[in-house]
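S.K.: Provided herewith is a single structure, encoded as structure tokens, for subsequent inquiry.
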Amino acid sequence: MIKRAHGFPGGVHPDYHKELTAGLALEVPPLFERYVVPVAQHIGSPAKVIVDKGAQVFKGTVLAEPSGFVSVPMHSPTSGTVKSVKNLPHPWGPSMLAVEITADGEDTPDPELPRLNHETASIDELRDFIRQAGIVGMGGAAFPTHVKLSPPKEKPIDVLILNGAECEPYLTADHRLMVESPEKVIAGAGILAKILKVKRICIGVEDNKPDALSALEKAAAGQADMDVYSLHVTYPQGAEKQLIYAILGREVPAGGLPMDVGVVVQNVGTASAVWDAVANGIPLIERITTITGRGIGRPGNLVLRIGTLVEDVVRWRGGISDDTIKVVNGGPMMGMAMSGLDVPVLKGSSGLLFLERDEVEQYHHYPCIRCGRCVDICPMKLMPCIISYYTENEMFDEVESLNVTDCIECGSCAYVCPSSRILVHHMKMGKAEVIVRRRKKAVS
Amino acid sequence: MSTNAHPISHNLLVSASPHITSGETIPRIMYNVILAMLPVCLVSIYYFGYYGIKVLVLTTLFCVGFEYLWQKMLRKPVTISDGSAAVTGILLALNLPPSAPWWLMLVGSFLAVIIAKQLYGGLGYNLFNPALVARVALLISFPVHMTNWIQATPLFSGVDAVTTATPLGILQTAIKTTGSIPPEVMAQVNPSSQNMLTWFTGHMMSGSLGEFSALAILLGGLWLMYKKYIYWQVPVTYIGTVLIFSGIFWMIDPTRYAHPLFHLLTGGLFLGAFFMATDMVTSPVTKKGLLVFGVGCGLITCLIRMWGSYPEGVSFAILLMNGLTPLLDRWFKPTVFGQRKLYEETK
Amino acid sequence: MLEAILTLSGLAILASFGLGLAAKFFAVKVDPRVEKIEEILPGANCGGCGAAGCSDFAKGVVEGKYAANACPVGGPSCAAKIAEILGEEVRASEPRVAIVLCAGDEDQCGNRFDYNGIYDCNAADLIQGGFKACTYGCLGLGSCARACPFDAIVITDKRLAVIDRDKCVGCGKCVPVCPRKLITLVPVSRKTHILCSSHDPGAEVRKKCKVGCIACKKCEKTVNGEGISINNFLAVMDYSKDLDGFALETVCPTHTIQRVDQPALQESEKTA
């Protein structure tokens, strides 16, 4: 049975534009010639490259090893040779260390891929296997999954929430996954629940995806510990804290993590990747990415190898229009605008959005007219307009006292701002400065 | 490999997220406010004909003109097209007596746009509502011209303009001179069904241009609320406070204090509650702050009307609360998500 | 009338007693030298010395926290007077001046993308690592100029920060503000500077910027390795050695090394 979740305070209702791709089945592109796998694709320390220039690699061969606890390995997306290991353009910034691979076209899987019998494996083995498969949160933030699966003893977890809200406009990657392979999501959730030893699994999906809801309900039928929740269509319903509040009514304390209220949230895409890894031995080398927007020739939901270059995808999908002015890695609300198309698809790339000139927000330096809309809709109940004013004037003590560090950068404030103020940019800057100051204070 | 491998020739645009907008803009808000004031303007033109048109048009032109001149002089970008100067102009016009001479409008527009708005840094930075600053400054400086009320006469009725006092003025003079409400005034201020109807739809007495029809103001106010340009908090608490406060005193002594509905529907309360206290720039940004703001306006209005030396207190009340707005923003912050007690309860 | 006069004068007498007593009992002992030094100081409260302001500095100097010549604005004459008050020997210190180690304006070094955000270098640096092709170069949004208490930094119309050497007193306030750490303080007599901070390999630099250091080592050879070292694809000057005599600006093929003593550039900027 599908349960109805509560809402959460605040939020906005942007135009979703999901009709562009919601009905399009997953497509697999042909093999491209060149792949670029950066070592930094997740939150945490970048992986350490272990292959040399000229080395022969197979599909799934480890290219880089984790360099700390909050770090995961990178795998080769296809078979071929390592062309170079150097700084190459990256979606997050000018350039970062990456392994460049020239594909041989054979796509031979690595014969030495580790396998695991997930039915007999211990919890620690499962968790380690998920880490070795390079799995990170697939929703966009790309936080290493095994870290979330290792809650400290003093924080007991009783609920696992699967996040299928996909509240970002335009994106339909999770939607297609839930419609086309709900059984993988459910099975992956089972593995995650086993590792966390939780009795209750909740799956939250926004009710603008009725086909996904019914597919999941069918796949989860007969599992007593699993509830499918239909969520209100409000952005940012898929933000962890808002999702927990909507489903369980628990409020994650300010500055805290979901585990503080006994919850772990995982994206549906992550669950599916976990299943692929433990059951089929496939490390995280591909993901579903929605390629969409008015600017792209043929929008669609693609199964892309991680490391695929955006320009290759663009060429395959019919090129982009001359008016395309913004290319976003992720959704339009929280995604990162990229400076070029010579960058690879990352583990966290849930979408590639091509926006034309007349549909993008052009930020101005208009003064705030104190309309209070941002205060009204802020899902974290902050005062973005006042924080932005203080950041502008470099009054960072005030910025800190207004809880800027609780900002989740969902972008709702800037979305509604009639003065087109760069509120999220102000929040980011305020946050960065406050964190630097706190660190300085801690040192002295 | 080149760094400009994308198949488009121009540089891409990069900014912080989000990359889409709700399409809401300052001009859109301002033109909606002007639209919402249209019914009131039409009513005032209906009652004052030529006088109404003259005050409305001239004041608006003066305000826009001053803004244009100021920005040209300081070589700032000219922003008259955003409609904010026009809104100030129309609001000021609605706050002037229909008999106002042209120079009074000119001085008022100067005070509103230059002194109360541009000197503070322009739109968004002014602490006080520009139209109200102008009205109060004019009221104090030119009390004769500002209280030279003429009797409202429906358009085309052919009656000459007759000077008369406002309902609130009649009431105050009566109470000051006799200590209670005399019977002939009582007939005017008690809420008989006849009185109620004229007060609500447009009373045939006198007052500022925008004080004539609560109905027309309500129409505009509801439109703004529907469009979410103003929040219900201010008008409801403001009008509610006046209703309750004056109601209490009316119940104590109906011979000394007028009926609450009289307070509600005559004078500038509706205009103030829907169009001036709700001014975004000069009211708090938080819901809690807005509630307190409304209650404060209501209390001060009642205090001035009942015991002050001016018959009308709406402008003073709103200006005083404008001054408190920064403090209200500081005192009544929303509770940050995750800082409520709720967490302990559910766990 | 009389009553009023008596009351008021009585009050006045009482109050003056109170004040007198308070001054005696709660007196804070101030070293007389602190006041004297404060008088000498320029009073700009720029914070260039590291103290919170001029009076804080005066206190610190007497306590021995700061050196007598630590005030960058006052210069040698001020240092001499302070040393005299403290009874110390006058130590000469050469005044310093700030320099922006980047010459890549918009003509020399292009942009990777069109930036739409806060007009501030630190903010711009948060978005995709800055819009400039070179990730080490000056963003030219003027954060340093806004931090300068002496109006000594000009942002040219081609988006490059340039120090006005006439106005710069070497307080160093601009140094920590720059997100790319391009500004350093150098002795005022040094005229030759390597105006690049890019650690990119030469080939990369050539692609991005016309005046970037490509680490060709010509300057290093010219000075025989004394005073210039190539450090991670960048020539770095050791300012303790005077290299003005080598005419390095004629040696450098990319014109990264320039003589910066000309008021010529500044004049043109001022009129621009």
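The values are calculated or read from the model by the stated rules, or taken from the named source; none is laboratory data. Since the structure is predicted, the reported quantities are computational estimates derived from the model, not experimental observations. Note that each Cβ is placed from the backbone with ideal geometry, even for glycine, and that neighbours are counted across all protein chains shown.
S.K.: With respect to C:Cys219, determine if the residue is in a loop (DSSP other than H, G, I, E, B) and not charged (D, E, K, R).
M.R.: On the way: in a loop (DSSP other than H, G, I, E, B): no; not charged (D, E, K, R): yes.
Judged against the criteria, C:Cys219 is not a match.
S.K.: Within segment A:410-422, can one find any residue that is over 24 Å from B:Gly23 (Cβ atoms) and either surrounded by fewer than 23 Cβ atoms within 10 Å (Cβ to Cβ) or facing another protein chain (nearest Cβ under 10 Å) (or both)?
M.R.: no
S.K.: Could I ask something else about it? Restricting attention to segment A:273-290, does a residue exist that is aromatic (Phe, Trp, Tyr), crowded, with 24+ Cβ neighbours inside 10 Å and outside any strand (DSSP E or B)?
M.R.: no
S.K.: Now a separate question. Checking A:Val360 against (1) surrounded by fewer than 20 Cβ atoms within 10 Å (Cβ to Cβ); (2) modelled with pLDDT under 90, only one condition comes out false. Which one?
M.R.: (1)
S.K.: Exactly one condition in (1) more than 10 Å from chain B (Cβ to nearest Cβ); (2) farther than 23 Å from A:Cys167 by Cα is false for A:Glu356; which is it?
M.R.: Answer for A:Glu356: the failing condition is (2).
S.K.: A:Glu251 versus (1) away from chain B (no Cβ under 14 Å); (2) over 30 Å from A:Glu125 (Cα atoms); (3) of a type in the set (D, E, K, R); (4) crowded, with 20+ Cβ neighbours inside 10 Å: which is the lone unmet condition?
M.R.: A:Glu251 satisfies every listed condition except (1).
S.K.: OK, next. Output the residue which, of all residues in segment C:115-124 that are surrounded by 22 or more Cβ atoms within 10 Å (Cβ to Cβ) and assigned to a helix (DSSP H, G or I), is farthest from the other protein chains (Cβ to nearest Cβ).
M.R.: Among them, the one singled out is C:Cys121.
S.K.: Among (1) surrounded by fewer than 19 Cβ atoms within 10 Å (Cβ to Cβ); (2) within 14 Å of chain C (Cβ to nearest Cβ), where does A:Pro111 come up short?
M.R.: (2)
S.K.: Can you tell me how many residues in segment A:38-61 are within 21 Å of A:Glu112 (Cα to Cα) and surrounded by 21 or more Cβ atoms within 10 Å (Cβ to Cβ)?
M.R.: First pass over segment A:38-61, keeping only residues within 21 Å of A:Glu112 (Cα to Cα): A:47-61.
With surrounded by 21 or more Cβ atoms within 10 Å (Cβ to Cβ) added as a condition, the list becomes A:47, A:57, A:59-61.
Here the count works out to 5.
S.K.: Could you tell me how many of the residues in segment B:113-135 are over 11 Å from B:Asn95 (Cβ atoms), part of a loop (DSSP other than H, G, I, E, B) and within 17 Å of the chain's Cα centre (by Cα)?
M.R.: Here the count works out to 7.
S.K.: Let me ask something else. Can we say A:Val147 is part of a loop (DSSP other than H, G, I, E, B), closer than 25 Å to B:Phe337 by Cβ and outside the structural domain of A:Met380 (by TED's automatic domain parsing)?
M.R.: No, not satisfied.
S.K.: Hey, which of the helices (runs of 4 or more DSSP H) in segment B:228-347, taking only ones fully inside, have at least 1 residues that are touching a helix residue (DSSP H, G or I) at 6+ places or on another chain (Cβ under 8 Å), hydrophobic (A, V, I, L, M, F, W, C) and buried (at least 22 other Cβ atoms within 10 Å of the Cβ)? Give the derivation first.
M.R.: Values: elements: B:233-252, B:260-265, B:287-307, B:314-331, B:342-346.
The qualifying helices (runs of 4 or more DSSP H) are B:233-252, B:260-265, B:287-307, B:314-331.
S.K.: Considering segment A:74-84 alone, what residues qualify as being out of contact with any Ser or Thr (no Cβ under 7 Å at 6 or more places or on another chain) and surrounded by fewer than 21 Cβ atoms within 10 Å (Cβ to Cβ)?
M.R.: Within segment A:74-84, A:Ser84 is the sole residue that qualifies.
S.K.: For segment C:94-114, how many residues are assigned to a loop (DSSP other than H, G, I, E, B) and crowded, with 16+ Cβ neighbours inside 10 Å?
M.R.: Within segment C:94-114, residues that are assigned to a loop (DSSP other than H, G, I, E, B) and crowded, with 16+ Cβ neighbours inside 10 Å number 10.
S.K.: Further question: Can you find a residue that is within 12 Å of A:Val36 (Cα to Cα) and assigned to a loop (DSSP other than H, G, I, E, B) anywhere in segment A:98-116?
M.R.: No; the residues of segment A:98-116 include none that is within 12 Å of A:Val36 (Cα to Cα) and assigned to a loop (DSSP other than H, G, I, E, B).
S.K.: What are the residues in segment C:14-45 that are more than 30 Å from C:Cys171 (Cβ to Cβ) and small (Gly, Ala, Ser), if any? So that I can check it myself, show each step before the final result.
M.R.: Applying the first criterion (more than 30 Å from C:Cys171 (Cβ to Cβ)) to segment C:14-45 yields C:14-27, C:29.
Across segment C:14-45, the qualifying residues are C:Ala15, C:Ser16, C:Gly18, C:Gly20, C:Ala22, C:Ala23, C:Ala27.
S.K.: Continuing with the same structure: In a loop (DSSP other than H, G, I, E, B), within 30 Å of C:Val154 (Cβ to Cβ) and either in contact (Cβ under 8 Å) with a residue 24 or more places away in the chain or away from chain B (no Cβ under 14 Å) (or both): does that describe C:Ala70?
M.R.: Numbers: in a loop (DSSP other than H, G, I, E, B): yes; within 30 Å of C:Val154 (Cβ to Cβ): yes; either in contact (Cβ under 8 Å) with a residue 24 or more places away in the chain or away from chain B (no Cβ under 14 Å) (or both): yes.
Yes; evaluated as a whole, the condition is true for this residue.
S.K.: Within the set of pairs 6 or more residues apart or between chains, which connect a residue that is away from chain B (no Cβ under 14 Å) and within 27 Å of A:Ile247 (Cβ to Cβ) inside segment A:259-287 to a residue that is charged (D, E, K, R) and assigned to a helix (DSSP H, G or I) with Cβ atoms less than 6 Å apart?
M.R.: Close Cβ pairs (under 6 Å, with a partner that is charged (D, E, K, R) and assigned to a helix (DSSP H, G or I)) amount to A:Val264/A:Lys148; A:Val265/A:Glu240; A:Val268/A:Asp174; A:Gly269/A:Asp174; A:Ser272/A:Lys184; A:Trp275/A:Lys184.
S.K.: A further question on this structure: Looking at segment A:377-392, which of the residues that are within 7 Å of chain B (Cβ to nearest Cβ) and assigned to a helix (DSSP H, G or I) is nearest to A:Gly10 (Cα to Cα)?
M.R.: My answer is A:Cys385.
S.K.: Could you tell me which residue of segment A:308-329 is nearest to A:His13 (Cα to Cα), considering only residues that are more than 8 Å from chain B (Cβ to nearest Cβ) and assigned to a loop (DSSP other than H, G, I, E, B)?
M.R.: Top of the filtered list is A:Asp323.
S.K.: What pairs come out if I take residues in segment B:115-139 that are more than 14 Å from chain A (Cβ to nearest Cβ) and within 12 Å of B:Leu319 (Cα to Cα) and pair them with residues that are buried (at least 23 other Cβ atoms within 10 Å of the Cβ) and charged (D, E, K, R) whose C-beta lies under 9 Å away, six or more apart or interchain?
M.R.: Close Cβ pairs satisfying both conditions: B:Ala131/B:Asp279; B:Leu132/B:Asp279; B:Val133/B:Lys117.
S.K.: Take the conditions over 20 Å from B:Leu123 (Cβ atoms) and either modelled with pLDDT of 90 or more or buried (at least 21 other Cβ atoms within 10 Å of the Cβ) (or both) and apply them to A:Gly348. Does it pass?
M.R.: Against the criterion (over 20 Å from B:Leu123 (Cβ atoms) and either modelled with pLDDT of 90 or more or buried (at least 21 other Cβ atoms within 10 Å of the Cβ) (or both)), A:Gly348 qualifies.
S.K.: Now for a separate question. Can you name every residue in segment A:342-376 that is over 30 Å from A:Gly307 (Cα atoms), touching a residue at least 24 places away in the same chain (Cβ under 8 Å) and not in a loop (DSSP other than H, G, I, E, B)?
M.R.: Listed by number, the residues that qualify are A:Asp358, A:Arg373, A:Cys374, A:Asp376.
S.K.: Same structure again: Output the residues belonging to segment C:143-160 that are under 27 Å from A:Met96 (Cα atoms), within 18 Å of the chain's Cα centre (by Cα) and not in a helix (DSSP H, G or I).
M.R.: C:Leu160
S.K.: Go through (1) under 21 Å from C:Tyr115 (Cα atoms); (2) surrounded by 20 or more Cβ atoms within 10 Å (Cβ to Cβ); (3) out of contact with any Cys (no Cβ under 9 Å at 6 or more places or on another chain); (4) facing chain B (nearest Cβ under 8 Å) for A:Gly295 and report which single condition fails.
M.R.: Result: A:Gly295 passes all but (4).
S.K.: Still on this structure, please answer the following. Of the residues A:Thr234, A:Thr290, which is out of contact with any Lys or Arg (no Cβ under 9 Å at 6 or more places or on another chain) and under 25 Å from A:Lys18 (Cα atoms)?
M.R.: A:Thr234
S.K.: Within segment A:219-228, can one find any residue that is assigned to a loop (DSSP other than H, G, I, E, B), in contact with a helix residue (DSSP H, G or I) (Cβ under 6 Å, 6 or more places away or on another chain), more than 14 Å from chain B (Cβ to nearest Cβ) and over 28 Å from A:Glu19 (Cα atoms)?
M.R.: no
S.K.: Does C:Gly172 satisfy the condition of being in contact with a strand residue (DSSP E or B) (Cβ under 6 Å, 6 or more places away or on another chain) and in a loop (DSSP other than H, G, I, E, B)?
M.R.: Values: in contact with a strand residue (DSSP E or B) (Cβ under 6 Å, 6 or more places away or on another chain): yes; in a loop (DSSP other than H, G, I, E, B): yes.
Here the answer is yes, as C:Gly172 does meet what is asked.
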